[in-house]
Amino acid sequence: MNLLHYTLHLADNALIIGHRNSEWCGHGPILEQDIAISNIALDYIGQARNFYQYAAELTGNGATEDSLAYLRDAIDFKNCLLTEVPNGDWAQTTLRQFFFSAYQYFLYEQLQNSSNQQLAAIAEKALKEVTYHLRWSSEWVIRLGDGTEESKQRTLRAIDELWSFTGELFTPADYEQQAVTEGYGVDLSQIRENWYKKVTAVFEEATLPLPKENVWMQTGGKTGVHTEHLGFILADMQFLQRAYPGAEW
């Protein structure tokens, strides 16, 4: 059961941030970046599918990747709250992507060594995509932070909006602690330092102030306690499957 929860957590993270990024399709600031963030969204949907397919095997009872993505309620989702935060403007979206991509990069880097061959294989494949996500988002944080006065102010506002959601990335749920004990999960305390160093380096280049570490952080997403935003995401994403049960392409 812990392995299932851990796999669903990884899948839910990818699905929800993938859906958020897909909302930019057709609305990006320029065509090249519209395509870039749409492709990042597709990368995440692909990651989610791989994790959900494995989770469906673990679940049994006729579960499929579709039923796990489209027929669970918000309380059953285990994604971090950061992934469900509204897009806001371009500065907020790219900063959210940077925070999450830096976390995913170090997470998948370690998950490649998982004792679970399925998780290790998915992480190895996804790491190639996440490496690009991290480079792309880092460049945007630097570009906006060290750009015009307006772009800098927008980035500062984005930091104020998002920083309190970053602590949950490294606050392990019970199933994450059990995953480490059993050898198939990643010890979040070991990757937090690398994440913080990466954020520090990019913020310095972007001439952005680094928020204090010891501030209050939002938590709950990993155990099903979400913001109101997830309900709206699921209402949009799950409508077709719930309106027409069993529908297939």
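Going through (1) of a type in the set (A, V, I, L, M, F, W, C); (2) part of a helix (DSSP H, G or I); (3) surrounded by fewer than 19 Cβ atoms within 10 Å (Cβ to Cβ) one by one, LEU210 falls short only on (2).
Of all the listed residues (GLU176, GLU193, GLU168), the sole one being assigned to a helix (DSSP H, G or I) and within 15 Å of the chain's Cα centre (by Cα) is GLU168.
Residue-by-condition table, conditions (1) under 27 Å from THR227 (Cβ atoms); (2) in contact (Cβ under 8 Å) with a residue 40 or more places away in the chain; (3) buried (at least 24 other Cβ atoms within 10 Å of the Cβ):
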residue	(1), (2), (3)
ILE75	yes, yes, no
ASN116	no, yes, no
ALA120	no, no, no
GLU129	yes, yes, no
GLY145	yes, yes, yes
LEU156	yes, yes, no
LEU162	yes, yes, no
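Filtering ASN79, ASN113 for residues that are under 15 Å from the mean Cα position of the chain (by Cα) and part of a loop (DSSP other than H, G, I, E, B) leaves a single hit, ASN79.
Scanning segment 23-40 turns up no residue that is farther than 17 Å from TRP140 by Cα and either crowded, with 20+ Cβ neighbours inside 10 Å or in contact with an Asp or Glu (Cβ under 6 Å, 6 or more places away or on another chain) (or both). Scanning segment 11-20 turns up no residue that is in a loop (DSSP other than H, G, I, E, B), surrounded by 23 or more Cβ atoms within 10 Å (Cβ to Cβ) and out of contact with any Lys or Arg (no Cβ under 6 Å at 6 or more places or on another chain). Answer yes or no as to whether GLN218 is more than 16 Å from the chain's Cα centre (by Cα) and not acidic (Asp, Glu). For GLN218, the condition - more than 16 Å from the chain's Cα centre (by Cα) and not acidic (Asp, Glu) - is not met. For TYR132, the requirement of being assigned to a helix (DSSP H, G or I) and either under 17 Å from ALA11 (Cβ atoms) or small (Gly, Ala, Ser) (or both) is not met.
Since every read-out is calculated from the coordinates, none of them should be taken as a lab result. Since we're looking at a predicted model, the values are computed, not measured. Positions of Cβ are backbone-derived with ideal geometry, glycine not excepted, and every protein chain shown enters the neighbour counts.
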